[in-house]
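These notes concern the structure reproduced below.
The values are calculated or read from the model by the stated rules, or taken from the named source; none is laboratory data. All values derive from a computational prediction rather than experimental measurement. Neighbour counts run over all protein chains shown; Cβ positions are idealised from the backbone, glycine included. These area figures cover heavy atoms from the full protein model, side chains too; ligands, DNA and RNA do not enter into them. Shrake-Rupley method; radii C 1.70, N 1.55, O 1.52, S 1.80 Å.
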Amino acid sequence: MKTVIQRVSQASVTINNEKVADIGLGLLILVGIEDADTQEDIDWLTAKISQLRIFNDENGVMNKSVQDVNGDIIVVSQFTLHASTKKGNRPSYLKASKPNIAIPLYESFIVSMEKSVGKKVQTGQFGADMKVSLINDGPVTIIIDTKNKE
């Protein structure tokens, strides 16, 4: 499972000209799922994200988590995180899971994230053409791959 986590001062998701998610201070999390992903990946990842100290404290030091600042979260499915650009100029998405595998894992990720932060998480819509808008605060962008824990 790959994620791109962005600290935002504002983010939203629009589908068919309708805003379906809208937050102020918090995290925008893009999630890419592959067939090898399991509930263990989800549990590890959501615990890690909820505790990431990437928000500033009173001294301007990144020392607070999304929970510490009572931030909100938007989770967006993003199969293109598994793009392979090794050959040619057209990315291959063979490593990205098909919907029958990805949707249950995506939904489980959302539930696990809500449990980790103790509040409702907003989302996009799996497989939809989404317009994602954000103001990346910092900018702070963290990439986490559960298959390559660094």
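Worth pointing out:
- Dipole check for region 1-134: with +1 at the C-beta of Lys and Arg, -1 at the C-beta of Asp and Glu, and the Cα centre as origin, the magnitude is about 460 Debye.
- Rounded D (µm²/s) - region 60-101, Kirkwood Rh over Cα pairs, Stokes-Einstein at 25 °C, 0.890 mPa s: 179
- Of Leu52, Gly127, Val20, farthest towards positive along the dipole that unit charges on Lys, Arg, Asp, Glu beta carbons give the chain: Gly127
- Coupling constants for region 55-68 follow from the phi torsions by the Karplus curve (6.51 cos²θ - 1.76 cosθ + 1.60, θ = phi - 60°), and in residue order they are 10, 6, 8, 5, 9, x, 9, 5, 9, 10, 8, 4, 5, 4 Hz; glycine and proline get x.
- Accessible area per residue for region 68-141, computed on protein heavy atoms with a 1.4 Å probe, is 63 Å².
- Accessible surface, region 1-52, averaged per residue in Å² (probe 1.4 Å): 41
- Cα centroid separation, region 75-133 to region 1-67 (Å): 12
- Residue-wise HN-Hα couplings along region 135-150, as the Karplus relation 6.51 cos²θ - 1.76 cosθ + 1.60 with θ = phi - 60° gives them from phi, are 10, 6, 8, x, x, 10, 9, 10, 10, 10, 10, 5, 8, 9, 6, 10 Hz; Gly and Pro carry x.
- The alpha carbon convex hull volume per residue for region 38-112 rounds to 126 Å³.
- Phi to ³J(HN,Hα) by Karplus 6.51 cos²θ - 1.76 cosθ + 1.60 over region 73-87, Hz, x for Gly, Pro: 9, 10, 10, 10, 5, 8, 4, 5, 5, 9, 5, 9, 10, 4, 10
- If you model the chain as an ellipsoid using its alpha carbon gyration tensor, with each semi-axis the square root of five times an eigenvalue, the axes come out at 24, 18, 16 Å, biggest first.
- Nonpolar atom fraction for the chain, defined as the carbon and sulfur part of the 1.4 Å probe accessible area, stands at 48 percent.
- Considering only region 12-150, percent of DSSP beta bridges that pair antiparallel, nearest 5: 60
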